Structures are given as structure tokens and as C-alpha cells.
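Worksheet: the structure to be examined is printed underneath.
The values are calculated or read from the model by the stated rules, or taken from the named source; none is laboratory data. Everything numeric in this text was worked out from a predicted model, so none of it was measured. Here the Cβ positions follow ideal geometry from the backbone for every residue, glycine too, while neighbour counts run over all protein chains shown. For accessibility, only protein heavy atoms count, side chains too; no ligands or nucleic acids. Shrake-Rupley method; radii C 1.70, N 1.55, O 1.52, S 1.80 Å.
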Amino acid sequence: MSLTLSQHVHTLGQHLLQQFGERVHKVSVDAGFTCPNRDGRNGVGGCSFCNNDSFVPDQADRPSIYAQIEAGSVAVARISGARKLLAYFQAYTNTYDAIERLRALYDQALMHPQVIGISVGTRPDCVPDAVLDLLVSYQEKGRLVWLELGLQSSFDTTLQRIYRGHDYACYVDATRRARQRGLKVCTHLILGLPGEGLEHARLTLERVLDVGTDGLKLHPLHVVKATRLAYEWRRGEYAPMSEADYIDQVVDLLRRTPREIVMHRLTGTAARSILLAPAWCEHKWRVLNGITQRMAAGSYQQGDLVG
Ligand code: SF4
């Protein structure tokens, strides 16, 4: 996120800069996890927007976590010069395995000398107490830990419609158990879900804030190839939101989000090879600039509508 955006929004980059006194860059790692919405525990088709072709079970030749971070550190040094790294377990459900395998993978990331912590992306139905206790143990050793929970919507009708495989109550339970232990939670929300508009997004934000969260990640819904959503889109049953509507909704939600909440991401895209719609989400920087311009033009700040 740009410097200008951080004048209006509490971005993760700004937050880490303040915490560590220097830039910290997030490096994604793929540990070859699967997902209960894929492997049959909850379902086999996955969420309606999740690309089936990109689902690759664990591969013997996958580089180790340490090797992935090492490769990422070289790229980061070239792009931003940041020396400190946050290892982001991103692909699929990164707490969905035996506790000893999780420990081995997280330990490997934290062994890298540039890594100051881990950010672990997962589903609310995959964080038993033993996993939370493992994550807390890293925090107790002075490591930074973020638990990233994919909620997407607080409306169970929407969660059912997108075949999410968990309900809102499951998110509430997971978030409370994590935060009671002192873990930081970043909640992922998708804008433009089928049947949802600004009022749904506002109500989901209000509910998430009532439960308590430490960070938010906002994302437009993408239609990508080989998904149920792609069939709905082709049949005219789903229309993606416009770029202008997306920017309007993000700005609206930012103004309703207290300043202490860390904004991890305000937009996102999919690989060009699989993206069907909306075409505008390919232009990540244009979208971020649009959000920044709207915030600046209105002299808005994150949280300025909070009572
Ligand atoms: S939870 Fe994530 S990985 Fe699993 S099906 Fe849904 S989007 Fe795909």
C-alpha cells in the first residue's frame, strides 16, 4: 500500500514499521496443505469461487518452507530493500494437519534469520484449541503471530450459497477462543458476494467489530475459471460489482472501522490466466489509488464515522 494511503488508513505496512522500526515484508509460502472443503471432510467441490484447477495436493518436489522464504527474501531485497520478513502461510488451510506437522512447518519458517513472525491463513472450523495453543507458544517466545480467518460474510444464507462449509457462529467461536489467548486475528471479508450489497457489508463489519478483531482484509469477489461461480456468471445469475461500487464500499467500511484495526489488504486479484471477471480487479494499484483519492478528496480517515 502506498505512503499516501497510509495517511488515511492504518495499513499493515505502517503498523509493522512502527512496531519494528524498519520495513517488514510479507513473504507467502505454500506448505502443501489441503482444505476440508475439498478433501471430503466438509465437501469436495470447494467454495463456489475457488478454482478447482489450482488445487494441487502436496508434492514431493515442493521447495521447503525455508527455501521458499530464502527465495522470497532475495526478491524482497531487490524490490523494497526490507530485511525483516513475515512468513505468510497462505495457500489453502494452513492449520489443517496434525499438530506435530504444523509445529515442524512453522518452526522451519521461524528458523530463517530474517523472519520475525508468521501469519497463518485458515478457516474458522480448523482452529482447535491445540492449534491456538501452538500459535500462542510462538507469541510467548516473542514472535509476531497473526491468525487470518476467512469469514467472507456474516450471513449464513450467503455462506450456504457459496458452499463455504461453515457458518457465522463457527467464526465467532474461533475468534473468541483465539483472542482470549491473546492471539491477533485478521478477518477476511469479500465484497460483492451473490445477493449482497452495501447494507450486508456494513452489517457484517458491525458484527465482526462487535465480536472483536485486530485486522481486516477486504477483497472483491472474482469469477475465475473452473468454478461454480463461473457457471452462475455465464448463465447471468451473478453479476460482479463495478470498480466504482467496490471503491465506494471500501471507503464506507474504512470510515466505520476503528483506527486501531490494522488493514492488511484493501483489494486483491487473481492470476490473469484464470480470471474471468471483473476485469478491473487486475489493476490493483488503480483500485488502491481510487480508494486513496476518495479518502483524500473527502478528507476522510479510517474510523471517522465511529461514534
Ligand atoms: S476454504 Fe479456501 S481453499 Fe478451501 S475451498 Fe474455500 S477458498 Fe478454496
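Observations on the model:
- Summed over the stretch 226-245, the residues that are surrounded by 14 or more Cβ atoms within 10 Å (Cβ to Cβ) and either under 18 Å from Cys281 (Cα atoms) or acidic (Asp, Glu) (or both) give a count of 10.
- Qualifying residue in the stretch 202-209 (condition: open to solvent by 10 Å² or more (accessible area, probe 1.4 Å) and touching a helix residue (DSSP H, G or I) at 6+ places or on another chain (Cβ under 6 Å)): no
- Wholly enclosed helices (runs of 4 or more DSSP H) of the stretch 101-190 bearing at least 1 residues touching a residue at least 12 places away in the same chain (Cβ under 8 Å) and more than 30 Å from His222 (Cα to Cα): 129-140, 168-180
- Residue check for Tyr168: touching a strand residue (DSSP E or B) at 6+ places or on another chain (Cβ under 8 Å), open to solvent by 10 Å² or more (accessible area, probe 1.4 Å) and either within 16 Å of the ligand (Cβ to nearest atom) or farther than 22 Å from Met263 by Cβ (or both): yes
- Take the conditions (1) open to solvent by 60 Å² or more (accessible area, probe 1.4 Å); (2) of a type in the set (S, T, N, Q); (3) under 17 Å from Leu205 (Cα atoms); Asn289 misses just one of them, which is (3).
- Among residues of the stretch 151-165, those that are buried (at least 21 other Cβ atoms within 10 Å of the Cβ) and either under 18 Å from Val127 (Cβ atoms) or away from the ligand (no atom under 14 Å from the Cβ) (or both), counted: 5
Every residue, every condition in (1) among the β-branched types (Val, Ile, Thr); (2) at pLDDT below 95; (3) within 16 Å of the ligand (Cβ to nearest atom); (4) not in a strand (DSSP E or B), yes or no:
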site	(1), (2), (3), (4)
Leu3	no, yes, no, yes
Gly13	no, no, no, yes
Leu16	no, no, no, yes
Asn37	no, yes, yes, yes
Gly43	no, yes, yes, yes
Val56	yes, yes, yes, yes
Gln68	no, no, no, yes
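- Residues satisfying the stated conditions in the stretch 266-278, i.e. open to solvent by 70 Å² or more (accessible area, probe 1.4 Å) and not hydroxyl-bearing (Ser, Thr, Tyr): Arg272
- Count of the stretch 83-107 residues, restricted to those that are open to solvent by 50 Å² or more (accessible area, probe 1.4 Å) and over 20 Å from Asp39 (Cβ atoms), is 5.
- Complete set of residues in the stretch 18-35 that are surrounded by 19 or more Cβ atoms within 10 Å (Cβ to Cβ) and either more than 16 Å from the ligand (Cβ to nearest atom) or of a type in the set (D, E, K, R) (or both): Val24, His25, Lys26, Val27
- Subset of the stretch 139-162 that is in contact with a helix residue (DSSP H, G or I) (Cβ under 7 Å, 6 or more places away or on another chain) and of a type in the set (Ser, Thr, Tyr) - its residue that is nearest to Cys35 (Cα to Cα): Ser153
- From the list Val115, Val120, the one residue that fits, being buried (at least 20 other Cβ atoms within 10 Å of the Cβ), within 15 Å of the ligand (Cβ to nearest atom) and modelled with pLDDT of 95 or more, is Val120.
- Filter result for Asp97 (among the charged types (D, E, K, R) and more than 16 Å from the ligand (Cβ to nearest atom)): no
- Residues within the stretch 268-307 that are without any contact (Cβ under 8 Å) to a residue 60 or more places away in the chain, touching a strand residue (DSSP E or B) at 6+ places or on another chain (Cβ under 6 Å) and under 13 Å from Tyr246 (Cα atoms), tallied: 1
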